[in-house]
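Reviewing the structure listed below.
The values are calculated or read from the model by the stated rules, or taken from the named source; none is laboratory data. From a predicted model like this one, the values you see are computed outputs, not experimental measurements. All Cβ positions, even for glycine, are placed from backbone atoms using ideal geometry, and neighbour counts span all protein chains on display.
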Amino acid sequence: MRDDSVRAGRSAITARRPALGTAKSAEIFTRIITHGPVSRLDIGRMTGLSQAKVTKTVSPLIESGYVQVGEHAEHSVPGRPVRPLSAVPSSMIAIGVKVNEGELFAVSVDLRNDVLGSTHRVLASHDPESVTDAIVASVDALIAQLGADAANLVGVGVSVSGDIDTSTGTVRHSPLLDWSQVPLGDRLESLLGLPVTVENDVRALAKAEHWFGVGRDATSFAIVTIGAGIGCGIYVNGDVVTGSHGVAGEIGHLPLASSDAICVCGRRGCVEAVASSHAILEAVRRGHGDSGLEMTDAIRLAHEGDPSAVEAFERAGTAVGDALAATVNLFGPEVVLIAGEGVMDYDLYERRFREEFQAHAFGAAANCRLVVRRHTFYDWARGAAVAMLREAIANSPLDRADVDT
Ligand SMILES: [Zn+2]
């Protein structure tokens with residue numbers, strides 16, 4: 001009964017989007033989302049557009065409930081009240097799903113990237129059909145949590161590690177899930193009846209950081225993720241780099257590790273083959289001849305000075321430091337955010353990668369700020385949701401007449 005009512009709720013969702021008309025209008029709305037409350041004057045400065053253009057774009061967005069005018073007037077220019085603009089948070093809601101090898105994390109977020117609801121599901125299997133069913137069940141659970149706000153749902157973003165063709169929603173190759181050529185986006189759209197975007201997980205995270213995090217005011221940045229895999233999202237020249245062939249920032253597969261260990265991609269010498277959490281744990285297990293050791297044991301042993309554990313973390317840190325240096329030497333970002341599920345616990349690893357980075361970053365590229373921040377799998381899911389919000393705004397209707405129809 002409950003399933004039927006949820007499906008009925010889903011079919012009533014029209015995935016409404018604001019009518020923005022042009023790329024410039026989308027840029028104005030985006031600035032209001034990312035920098036609000038913000039004055040028309042400041043939006044004009046940020047976008048290089050006249051205040052008249054800003055006012056013309058914003059008026060229909062206010063009328064249709066996407067933008068609100070601040071209650072309290074500020075006076076940035078004497079005698080001229082400024083009423084700042086901000087996005088109406090719940091006017092656009094997206095669901096984001098992060099697919100891991102054995103579990104799913106899903107959230108619904110609003111235009112402030114605030115989490116409205118969340119759910120977690122253990123996967124019995126990671127074959128495409130089971131995962132698709134689990135995503136549908138998670139989306140239904142979140143729609144039920146949203147209640148009446150579900151009417152403002154713009155779609156579902158899904159993030160998966162690997163080589164993803166975002167334009168078709170196809171997972172071309174995901175070593176972690178052992179998937180090849182899975183048309184995940186199409187399957188989900190037909191099952192859900194909602195727009196679906198499929199994105200590489202690290203790139204989705206970079207999109208969220210660009211709008212709401214470290215990249216909000218940076219001209220260029222990289223986000224490096226450390227955990228089950230080593231990934232890198234790159235933002236430069238006003239956009240998150242996708243790569244001509246859909247692959248970019250795969251620093252986990254730079255051949256910088258002096259090891260014979262075989263990577264999940266099948267090659268030898270990859271950074272990930274020594275620096276992923278799995279690779280570190282395996283090295284410590286081998287060193288102790290104990291396949292039952294857990295990551296918490298490996299961290300404890302390293303803290304106690306156990307030689308094989310110290311070596312495993314230091315080797316991993318060295319490989320990541322080399323990969324970070326290669327990254328900044330290639331494109332010189334303002335800041336590199338290092339995020340990961342456990343990276344804050346790896347103090348040996350962090351010290352080593354900072355030393356290695358300093359040793360190999362060339363000239364002024366070494367001035368790049370390295371920020372280390374813990375994040376959770378729900379943050380990955382938020383990245384997927386933000387990728388969907390961005391897609392909804394980039395592909396908004398061209399005619400004002402489409403508003404609210
Ligand atoms: Zn590899």
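Could you count how many residues in region 109-154 are loosely packed, with under 14 Cβ neighbours inside 10 Å and at positive phi? Within region 109-154, residues that are loosely packed, with under 14 Cβ neighbours inside 10 Å and at positive phi number 1. Note on region 240-272: residues that are away from the ligand (no atom under 13 Å from the Cβ), at pLDDT 85 or above and not β-branched (V, I, T) total 4.
Residues that are more than 21 Å from T376 (Cα to Cα) number at least 1 in the following helices (runs of 4 or more DSSP H) confined to region 178-285: 184-192, 272-275. Where helices (runs of 4 or more DSSP H) sit wholly within region 286-405, those with at least 1 residues that are among the polar types (S, T, N, Q) occupy 295-303, 307-331, 347-360. With the structure loaded, tell me whether S180 is free of Cβ contacts under 8 Å to residues at least 24 places away in the same chain, within 30 Å of D133 (Cβ to Cβ) and away from the ligand (no atom under 13 Å from the Cβ) or whether it fails that test. When the stated conditions are applied, S180 passes them. Note on region 287-302: residues that are touching a residue at least 12 places away in the same chain (Cβ under 8 Å) and surrounded by fewer than 24 Cβ atoms within 10 Å (Cβ to Cβ) total 8.
From the list E311, E334, E304, E294, pick out the single residue that is under 27 Å from the mean Cα position of the chain (by Cα) and of a type in the set (D, E). Spell out the reasoning first.
On the way: E311 fails: under 27 Å from the mean Cα position of the chain (by Cα); E304 fails: under 27 Å from the mean Cα position of the chain (by Cα); E294 fails: under 27 Å from the mean Cα position of the chain (by Cα).
The unique qualifying residue is E334.
Only a single item in (1) part of a helix (DSSP H, G or I); (2) under 17 Å from the mean Cα position of the chain (by Cα) is not met by E129, and it is number (2).
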